[in-house]
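Q: Take a look at this one; I'll ask things after.
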Amino acid sequence: MAERKIAIVGAGTSGLLACKHCMEKGFAPVVLEAQSGIGGVWSKTIESTKLQTPRAFYQFSDFAWPPSVKDTFPNHKQVLEYLQSYASHFNILPKIKLDTKVLDVAYSPPSDEDLDAWDLWGGSGEPFSPYSGKWDVTVHDSRDPSAPFEGPEVFGGMVMHSMDYAAMENKAASEFSKAKPVAVVGFQKSALDLAAQVAKVNGTKYPCTLLFRTVHWTVPDYVMTYTFRCLNRFVELMIHKPNQGFFQWLSAMLLSPLIISYVSFGYSTVESFLRFLYPLKKYNTVPSHGFVQQIFSCMSAVTPPNFYDKVREGSLILKKFHNLSFCKNGLVIDKEEARPLATDIVIFATGYKTDEKLKNIFSSVYFRKCIIGSSAPFFRECIHPRIPNLAILGYADSPANLYTTETKSKWLAEFLAGKFRLPSIREMEEDVVRWEKCMKRYSGSSYKRYCASALLQIHTNDQLCKDIGCDPRRKSWFLADLFTPYGPTDYKNLAHFI
């Protein structure tokens with residue numbers, strides 16, 4: 001039999017995991033990485049960036065952090081070194097082609113009509129179907145940061161995305177922004193870190209202005225640690241699930257008063273604590289949504305150290321806006337303000353056009369419509385029912401990205417090895433719609449299709465384990481399985497079949 005060729009785009013955590021588990025199944029994957037080093041976003045971050053996930057929940061199941069790393073939230077250098085050590089230990093590095101940028105992927109030969117007519121993924125429900133074609137990969141650059149405000153051509157200063165700022169060496173970044181008025185746009189993790197870093201460099205003489213339209217709750221790192229410790233199987237019993245059986249439905253019905261009390265009291269207490277801890281009202285940074293809704297929507301962020309101290313001393317200015325546009329000397333905020341905000345540098349930390357980037361990698365209009373035309377497109381959060389011979393790892397966000405992605409990569413490797421077949425296309429599409437309805441039920445208007453439910457991580461992994469014939473109960477005894485949090489080491493060995 002001819003050797004199966006597997007192309008993996010990106011050498012971030014998802015790409016490293018996919019490569020490692022494909023190698024374990026006897027495949028010969030090649031990893032195409034656009035940058036000059038591995039690590040994905042961790043290879044290009046600003047100096048102050050740290051993990052938001054506690055170290056114990058952000059590690060590979062079979063590769064522990066080195067004893068020298070003792071912080072609960074390691075810094076970006078420690079994370080990058082950890083990823084590099086993992087790639088070296090499992091001999092992944094020889095499989096990686098650096099500085100190889102992917103422009104698009106093209107599928108041939110079945111026509112769009114043939115694809116629509118299939119009842120099974122790839123025509124057979126198997127990973128390497130005799131009815132399906134092959135993918136041709138063209139290399140080039142496809143990164144697409146999001147800068148949603150038009151008009152920078154009239155601005156006399158520098159406009160950039162946080163990705164470009166993070167790509168600079170730490171010393172070069174400090175020199176670039178030193179002694180210059182800087183405006184940062186956004187209020188999620190990258191924006192907060194970047195603004196705090198610039199404020200630290202420039203002080204009160206050249207204060208950094210943080211501009212934001214929507215405010216999110218930010219918490220001290222110890223609150224994030226507490227949140228992770230609460231994610232156990234007992235809490236999940238209180239949550240209605242897609243595809244739930246009678247006993248799961250009954251437990252959710254009977255225990256729902258507990259989750260209502262837990263949410264109402266627990267998270268309202270957190271909100272009250274944050275209002276007490278930080279001067280949110282004074283600086284107009286009280287979110288309009290509840291903390292629990294933010295948790296469900298994967299938008300949690302740790303407050304940078306001394307963030308509000310910098311605001312109090314005047315090195316960091318917080319300013320909310322409704323409309324933003326450029327002028328020659330800076331930014332016009334909400335137009336009714338008499339004077340524009342004078343600035344030399346504007347940095348957008350507004351995220352990435354994830355769906356656009358994913359859509360544009362396909363040369364086929366049919367596949368582009370598949371990605372954009374569905375609100376919850378992926379079965380098991382990595383397989384599109386109507387795009388054959390292709391999987392996407394790391395698209396679905398969750399509070400603990402690394403270990404949830406690792407479980408999916410193991411599932412995918414077992415599928416590629418022929419251990420199980422996928423359901424019909426219709427069954428997979430019905431499944432993803434049920435998941436979408438479930439997640440919308442709890443996250444409301446903040447729902448994003450790339451967000452895995454924070455309170456159903458264990459249930460998600462249970463499904464993956466059952467698909468590959470592995471016992472989903474990973475703890476040694478009943479009470480531990482019910483009340484202690486699940487983590488990466490619980491899924492270290494998925495070779496123990498039922």
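The values are calculated or read from the model by the stated rules, or taken from the named source; none is laboratory data. No experiment lies behind these values; they were computed from the predicted model shown. In this analysis, Cβ positions are derived from the backbone assuming ideal geometry, glycine residues included, and neighbour counts consider all displayed protein chains.
Q: Among the helices (runs of 4 or more DSSP H) lying completely within the range 212-261, list those that include at least 3 residues that are within 28 Å of Gln188 (Cα to Cα), of a type in the set (Val, Ile, Thr) and in contact (Cβ under 8 Å) with a residue 12 or more places away in the chain.
A: Helices (runs of 4 or more DSSP H) meeting the threshold: 221-229.
Q: Considering only the range 61-75, state which residues are assigned to a loop (DSSP other than H, G, I, E, B) and under 25 Å from Ala191 (Cα atoms).
A: Matches in the range 61-75: Asp71, Thr72, Phe73, Pro74.
Q: How many residues does the range 216-230 hold that are buried (at least 20 other Cβ atoms within 10 Å of the Cβ) and over 18 Å from the mean Cα position of the chain (by Cα)?
A: Residues in the range 216-230 being buried (at least 20 other Cβ atoms within 10 Å of the Cβ) and over 18 Å from the mean Cα position of the chain (by Cα): 1 in total.
Q: Let me spell it out: the conditions are (1) modelled with pLDDT under 80; (2) out of contact with any helix residue (DSSP H, G or I) (no Cβ under 9 Å at 6 or more places or on another chain); (3) not in a helix (DSSP H, G or I), and Gly418 meets all of them except one. Which number is the exception?
A: Condition (1) is where Gly418 drops out.
Q: Still on this structure, I have one more. For Leu482, only one of the following conditions fails: (1) at pLDDT below 90; (2) of a type in the set (A, V, I, L, M); (3) outside the structural domain of Lys20 (by TED's automatic domain parsing). What is its number?
A: Exception for Leu482: condition (1).
Q: Something else: Could you grab the pairs with beta carbons closer than 8 Å, sequence gap of 6+ or different chains, first residue in the range 405-424 and closer than 21 Å to Phe60 by Cα, second one in a loop (DSSP other than H, G, I, E, B) and hydroxyl-bearing (Ser, Thr, Tyr)?
A: Once the first residue is closer than 21 Å to Phe60 by Cα and sits in the range 405-424, its partners that are in a loop (DSSP other than H, G, I, E, B) and hydroxyl-bearing (Ser, Thr, Tyr) give Glu406/Ser61.
Q: Within the range 387-397, work out how many residues are small (Gly, Ala, Ser), at pLDDT below 90 and within 24 Å of Glu427 (Cβ to Cβ).
A: Residues that pass the stated criteria total 1.
Q: Could you figure out which of (1) over 24 Å from the mean Cα position of the chain (by Cα); (2) at pLDDT below 95; (3) of a type outside the set (A, V, I, L, M) isn't true of Asn91?
A: Status for Asn91: all satisfied but (2).
Q: Here's another thing I want to ask about it. Do you know which residues across the range 387-415 are outside any loop (DSSP other than H, G, I, E, B) and among the β-branched types (Val, Ile, Thr)?
A: Thr404, Thr405, Thr407
Q: Could I ask something else about it? Quick one: count up the residues across the range 279-321 that are aromatic (Phe, Trp, Tyr), under 30 Å from Pro181 (Cβ atoms) and in contact (Cβ under 8 Å) with a residue 60 or more places away in the chain.
A: Count: 2.
Q: Being closer than 22 Å to Glu169 by Cα, in contact with a Pro (Cβ under 9 Å, 6 or more places away or on another chain) and modelled with pLDDT of 95 or more, is that true of even one residue in the range 42-55?
A: No: zero hits.
Q: If only one of Ala34, Ala7 is modelled with pLDDT under 90, over 26 Å from Asp490 (Cα atoms) and not basic (Lys, Arg), which one is it?
A: Ala34 is the lone residue from the list that is modelled with pLDDT under 90, over 26 Å from Asp490 (Cα atoms) and not basic (Lys, Arg).
Q: Go through the range 76-99 and count every residue that is of a type outside the set (Ser, Thr, Tyr) and assigned to a helix (DSSP H, G or I).
A: 13
Q: Being more than 14 Å from Gly12 (Cα to Cα) and surrounded by 16 or more Cβ atoms within 10 Å (Cβ to Cβ) is the filter here, so list the residues in the range 80-94 that pass it.
A: If the condition is that a residue be more than 14 Å from Gly12 (Cα to Cα) and surrounded by 16 or more Cβ atoms within 10 Å (Cβ to Cβ), then Phe90 is the only one that fits.
Q: Oh, and also: Can you tell me which residue is modelled with the highest pLDDT among those in the range 181-196 that are in a helix (DSSP H, G or I) and surrounded by fewer than 24 Cβ atoms within 10 Å (Cβ to Cβ)?
A: Ala191
Q: Now, a different point. Specify which of the listed residues (Phe63, Phe27) is within 16 Å of Leu402 (Cβ to Cβ) and either of a type outside the set (S, T, N, Q) or assigned by TED's automatic domain parsing to the domain that holds Ala167 (or both).
A: Phe63
Q: Also, quick follow-up: Within the range 27-60, which residues are part of a loop (DSSP other than H, G, I, E, B), among the small types (Gly, Ala, Ser) and touching a residue at least 60 places away in the same chain (Cβ under 8 Å)?
A: Hits for the range 27-60 are Ala34, Ser36, Gly37, Ser48.
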